[in-house]
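Got a structure here, written out as structure tokens. Questions coming.
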Amino acid sequence: MSTLKITKKHHRHLNNPFPSTPTSLPFIQGNLFINSQTLPPNQNSPLGKDFQLLWSTQNGGYLSISHLSHPSKSLWSTIPGQAFISAAMAETEVEESRGSFAIKDRDVHLVCDHQSIENIILINQFDNFQLDYLDLDHLETNSKFADSPVLIITGHIFSKRTKKWLQSSSIYRSASARYWILFDQKENNQIGFKVKIGQPKFQLHHHPKASPSTSLGRYHRLRRKLRRHRKWKLGWCWLLTRTKGLSINSSSEEELGESNVVETALEFNRVCLTYASERNERFFGFGEQFSHMDFKGKRVPIFVQEQGIGRGDQPITFAANLVSYRAGGDWSTTYAPSPFYMTSKMRSLYLEGYNYSVFDLTQHDRVQLQIHGNAMQGRILHGNSPLEIIEHFTEAIGRPPELPEWVISGAVVGMQGGTETVRRVWDKLRTYKVPISAFWLQVMHLPLFNTETDRKPQLCFVLKDWVGQRETFIGSQLWWNWEVDVTRYPGWQQLVKDLSKHYIKVMTYCNPCLALMDEKPNKRRNLFEEAKELDILVKDDCGEPYMVPNTAFDVGMLDLTHPLTANWFKQILQEMVDDGVRGWMADFGEGLPVDAVLYSGEDPIAAHNRYPELWAQINREFVEEWKSHCTGKERDDPQEDLVFFMRAGFRDSPKWGMLFWEGDQMVSWQANDGIKSSVVALLSSGLSGYAFNHSDIGGYCTMNLPFIRYCRTEELLLRWMELNAFTIVFRTHEGNKPWCNSQFYSNDKTLSHFARFAKVYKAWKFYRVELVKEAARKGSPVCRHLFLHYPNDERVQSLSYEQFLVGSEILVVPVLHKGKKNVKVHFPVGETCSWQHIWTGKTYQKQGCQAWVEAPLGYPAVFVKVGSIVGETFLRNLKNFDIL
């Protein structure tokens, strides 16, 4: 980025409760210039072995890419007569407040929105003649397609007049720049594309009232203002001279004129790629999204951050924004975005790299990708079905390993409070015969308001129970020093042994941040000082450890790009495992400051999106290394396998993360942040390669104020139990204010309901194991939007949180509205068999029909396919558990 302004708003306690949408580039549109007299009307060019590109001069000229198996179906095409490459120079402002970010385009100095095509060149990258003109030493090509042709399109982008929304200046600026776009086959079902923009050439026109020297002086000030910023470069180079190939003449040079052209060292820092879409085309994916499934008509920003508290639901969003800048979030804020989508027309594309990007889907007939940088690269995917597209996508980015069987065998019980509290609750659960996989000694976040002190507005923060607690002016807070606190948990080893005898594991918590430990009395290690001594903490611009604000105390953040960090933190994980831990939450990862200085020297804004992947990679590498070093019982016993789960992620996180959870949902029935949003996140992430995801039973964020009260009700808790009994992991959380919330151990009704649905969860374990294997093999999610199996059903395409599939054999229609005791079920078009209601045995045979089904507490609307082995086994297991 040429200019970058970062505004810190960590310590502002009164803010605009209705913050404006961050300003951004408008949708850029321009013309495509060609000379159709010099071109044949149609030209087909091979792209690798399995794709083709059509160039046509009809209606002003367009490109279209298709797979040879379906040559008439366009996977990607441009708008006839319209520019598909454009670029801009703009200033960037980032507003940051404790994990929440707003990225704005401030002053747009230049836009090149028109385009010419001058060469379409088909080459063999190993042709010695062509290598005289092209440097492809760093072109990453699958060896299977090394001898396949590569297609390069070159030309110019240019501006013809100043836009109304450009920054005013006495210099009228016209400009042009060379561009290169390369297409090459990556896999049998993937085409790679790379776009590079050259340096601009300016033509200066003087304002009538300005002297030439004044105009040039202003130009040079603009040049200094838009100083170059180091960016990561793509691993390929562009045409050095004009080469042989298909030549397309353009009038673009005439448009620019011949005089007053100034070559500069400036670079564009916005690149746009525009292409066609259909009016009724639906767009799914974009990582873990909480508010929407279909994004047609929206601008989707791709940036890792806190999801927000409320995210538009009122009045909670108002309160969160008031006390902490943008803490409420909005429909687009998420812990785990991904620059990937698939559409209802079986088209799919994703961006590579980590720069901030925006997918502009606001126009009915086109899409525009906007990326911060001077280059763009990605892939276009071919697939005949949504599940095929997911398989091809995860083939490229990576897939999760099979989960340890123990973590998907019974309930994961979230607790805090010390050894005796854990034992007391365990005794209750044994009385109710609850199948238990693990006790998770969880995190507790304090709320924005602390009503027990002076009601001074504060941000959410983390209490870590197993590492001990301390008292601050806010109340009890954790020690972020990742070792067991024997004062808090006396008899830790005996507790672990006693649970292990009953095949129950112990899970804990860690994150990549460290607190100062000067006042902690019983510490064995001071991890902050160790990390500081090793110089592995993120630095500020003065070269000192960057202390990231976290309410009453600041924390240091591990520099995950430093070569010493991974092994050092793995030693901490090793100590956890040596203490008997077999799983942990690897929290955070979304809050790297965008002005941090990293060991790698990379752009911190791009590194911000990469950070959660690095965090997952360290945890995953430890799991694999620990297993490889095990001997005897630990090596051979799958009950000893490790697992971790996390909330922050980016495109490649499914490769490194083992299990994900959806972060901090409100204890609410609302749509943008609550039980409904947990289903949307589950399904959208599944469409984006996150095969294993789940939410806290009952939600997490609680607020208990005189005028704003969000506390977990018993009904909400019971309905969330019913919902999560059909997700990959059945895990409880007490929430950030346990004393305000209904808990699974609150009374006989909650305990009985919890036991009932822990058994329901266990009843389909056999199928869950099968789905875990499928996910590791193909990337298919366990919980699936119906679109994955019924893509041609228009009603299915419009579904959001209303219903979902477990695999392909179980249909779940949860109750997500307060006080409701029935649900409306859609039975999809395209299924040849009937669906059987598991509680009454009633069958529904008509495709595409809708029916109201009774769903009182304890009997959610769940259906299995008639004649399905999975369905019959599930029903038999329910009977064996005395559920049916």
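The values are calculated or read from the model by the stated rules, or taken from the named source; none is laboratory data. Worth saying up front: this structure is predicted, and the values here are computed from it rather than measured. A quick note on method: Cβ atoms are made from the backbone with ideal geometry, for glycine too, and the neighbour counts reach across all protein chains shown. Keep in mind that these areas ignore ligands, DNA and RNA; they rest on the heavy atoms of the full protein, side chains included. Shrake-Rupley method; radii C 1.70, N 1.55, O 1.52, S 1.80 Å.
For the stretch 359-371, which residues satisfy the criterion of being closer than 11 Å to Pro301 by Cβ and either part of a loop (DSSP other than H, G, I, E, B) or open to solvent by less than 10 Å² (accessible area, probe 1.4 Å) (or both)?
Residues of the stretch 359-371 that are closer than 11 Å to Pro301 by Cβ, as a first pass: 359-360, 370.
Phe359, Asp360, listed by residue number.
Here is a further query. Just a yes or no: is a residue in the stretch 568-576 among the aliphatic types (A, V, I, L, M) and without any contact (Cβ under 8 Å) to a residue 40 or more places away in the chain? If you could, list the steps in order and put the result at the bottom.
Going through the stretch 568-576, the residues among the aliphatic types (A, V, I, L, M) turn out to be 572-573, 576.
Going one step further and asking which of them are without any contact (Cβ under 8 Å) to a residue 40 or more places away in the chain, we end up with none.
No: the stretch 568-576 contains no residue that is among the aliphatic types (A, V, I, L, M) and without any contact (Cβ under 8 Å) to a residue 40 or more places away in the chain.
Would you check if Glu831 is of a type in the set (D, E, K, R), open to solvent by 30 Å² or more (accessible area, probe 1.4 Å) and out of contact with any helix residue (DSSP H, G or I) (no Cβ under 9 Å at 6 or more places or on another chain)? Full working, then the answer.
Values: of a type in the set (D, E, K, R): yes; open to solvent by 30 Å² or more (accessible area, probe 1.4 Å): no; out of contact with any helix residue (DSSP H, G or I) (no Cβ under 9 Å at 6 or more places or on another chain): yes.
The answer is no for Glu831.
Where residues in the stretch 14-33 are farther than 30 Å from Ala327 by Cα and in a loop (DSSP other than H, G, I, E, B), which of them is nearest to the chain's Cα centre (by Cα)?
Taking the stretch 14-33 as the starting set, the residues that turn out to be farther than 30 Å from Ala327 by Cα are 28-33.
Filter once more, so that each one left must be in a loop (DSSP other than H, G, I, E, B): 28-30.
Details: Ile28: 26, Gln29: 28, Gly30: 31 Å.
Only one residue fits best here, namely Ile28.
Can I ask one more? Report, by residue number, each residue of the stretch 703-724 that is surrounded by 24 or more Cβ atoms within 10 Å (Cβ to Cβ) and assigned to a loop (DSSP other than H, G, I, E, B).
Arg712
Further question: What are the pairs, 6+ residues apart or on separate chains, where a residue within the stretch 873-884 that is touching a residue at least 60 places away in the same chain (Cβ under 8 Å) and of a type in the set (S, T, N, Q) has its Cβ under 8 Å from a residue that is assigned to a helix (DSSP H, G or I) and open to solvent by 30 Å² or more (accessible area, probe 1.4 Å)?
Listed pairs, sorted by first residue: Thr873/Phe766; Asn877/Lys762; Asn877/Phe766.
Which ones in the stretch 744-764 are surrounded by fewer than 16 Cβ atoms within 10 Å (Cβ to Cβ) and either over 21 Å from Trp426 (Cβ atoms) or among the polar types (S, T, N, Q) (or both)? Reasoning before the result, please.
Start the filter on the stretch 744-764 by keeping residues that are surrounded by fewer than 16 Cβ atoms within 10 Å (Cβ to Cβ), which leaves 746-749, 752.
Ser746, Asn747, Ser752 - these are the residues of the stretch 744-764 that are surrounded by fewer than 16 Cβ atoms within 10 Å (Cβ to Cβ) and either over 21 Å from Trp426 (Cβ atoms) or among the polar types (S, T, N, Q) (or both).
How many of the residues making up the stretch 23-46 are at pLDDT 95 or above and touching a Pro at 6+ places or on another chain (Cβ under 9 Å)?
1
I'd like to verify a number: residues in the stretch 850-869 that are open to solvent by less than 20 Å² (accessible area, probe 1.4 Å), over 14 Å from Lys820 (Cβ atoms) and either free of Cβ contacts under 8 Å to residues at least 12 places away in the same chain or within 33 Å of the chain's Cα centre (by Cα) (or both), how many?
3
Turning to a different aspect of this structure: Collect the residues in the stretch 403-418 that are part of a helix (DSSP H, G or I) and either open to solvent by 10 Å² or more (accessible area, probe 1.4 Å) or at positive phi (or both), keeping them in residue-number order.
Filtering the stretch 403-418 for residues part of a helix (DSSP H, G or I) gives 405-408.
Hit for the stretch 403-418 is Glu405, nothing else.
Kindly indicate the residue of the stretch 491-512 that is farther than 22 Å from Lys433 by Cβ and touching a helix residue (DSSP H, G or I) at 6+ places or on another chain (Cβ under 6 Å) and also least open to solvent (accessible area, probe 1.4 Å) among those meeting that condition. Show your work before the answer.
First, pick out the residues of the stretch 491-512 that are farther than 22 Å from Lys433 by Cβ: 491-494, 496-497, 508-512.
Next, only the ones that are touching a helix residue (DSSP H, G or I) at 6+ places or on another chain (Cβ under 6 Å) stay: 491, 512.
On the way: Gly491: 46, Pro512: 0 Å².
The selected residue is Pro512.
State whether the residues of the stretch 576-584 include one that is open to solvent by less than 40 Å² (accessible area, probe 1.4 Å) and in a loop (DSSP other than H, G, I, E, B).
Narrowing the stretch 576-584 to residues open to solvent by less than 40 Å² (accessible area, probe 1.4 Å): 576-577, 579-584.
Checking which are in a loop (DSSP other than H, G, I, E, B) leaves us with 579-580.
Yes, there is a match, as at least one residue in the stretch 576-584 is open to solvent by less than 40 Å² (accessible area, probe 1.4 Å) and in a loop (DSSP other than H, G, I, E, B).
Please work out which one of (1) of a type outside the set (S, T, N, Q); (2) out of contact with any Leu (no Cβ under 9 Å at 6 or more places or on another chain); (3) in a loop (DSSP other than H, G, I, E, B); (4) within 29 Å of Ile85 (Cβ to Cβ) is the condition Glu395 fails and give its number.
For Glu395, the failing item is (3).
Any residue at all in the stretch 535-557 that is surrounded by fewer than 18 Cβ atoms within 10 Å (Cβ to Cβ) and more than 30 Å from Tyr325 (Cα to Cα)?
Yes - at least one qualifying residue is present in the stretch 535-557.
Take the residues of the stretch 313-334 that are of a type in the set (D, E, K, R) and open to solvent by less than 40 Å² (accessible area, probe 1.4 Å): which is modelled with the lowest pLDDT? Please lay out each step first, then the result.
To start, the set of residues in the stretch 313-334 that are of a type in the set (D, E, K, R) comprises 313, 326, 330.
Then drop every residue that is not open to solvent by less than 40 Å² (accessible area, probe 1.4 Å), which leaves 313, 326.
Working: Asp313: 96, Arg326: 93.
Looking at residues that are of a type in the set (D, E, K, R) and open to solvent by less than 40 Å² (accessible area, probe 1.4 Å), I get Arg326.
Which residue pairs have Cβ atoms under 7 Å apart, sit 6 or more places apart or on different chains, and have a first residue in the stretch 744-761 that is over 15 Å from Ile436 (Cβ atoms) and a second that is open to solvent by 50 Å² or more (accessible area, probe 1.4 Å) and not in a helix (DSSP H, G or I)?
Ser752/Tyr432
Against the condition in a strand (DSSP E or B) and among the small types (Gly, Ala, Ser), how does Gly543 come out, does it pass? Spell out how you get there, then give the answer.
Values: in a strand (DSSP E or B): no; among the small types (Gly, Ala, Ser): yes.
No, not satisfied.
Right, next: Could you list, in sequence order, the residues of the stretch 85-104 that are of a type in the set (Val, Ile, Thr) and surrounded by 23 or more Cβ atoms within 10 Å (Cβ to Cβ)?
Answer for the stretch 85-104, where residues must be of a type in the set (Val, Ile, Thr) and surrounded by 23 or more Cβ atoms within 10 Å (Cβ to Cβ): Ile85, Val94.
Something else now. Kindly list the number of the only condition in (1) within 30 Å of Tyr710 (Cβ to Cβ); (2) open to solvent by less than 10 Å² (accessible area, probe 1.4 Å); (3) out of contact with any Pro (no Cβ under 8 Å at 6 or more places or on another chain) that fails for Leu349.
For Leu349, the failing item is (1).
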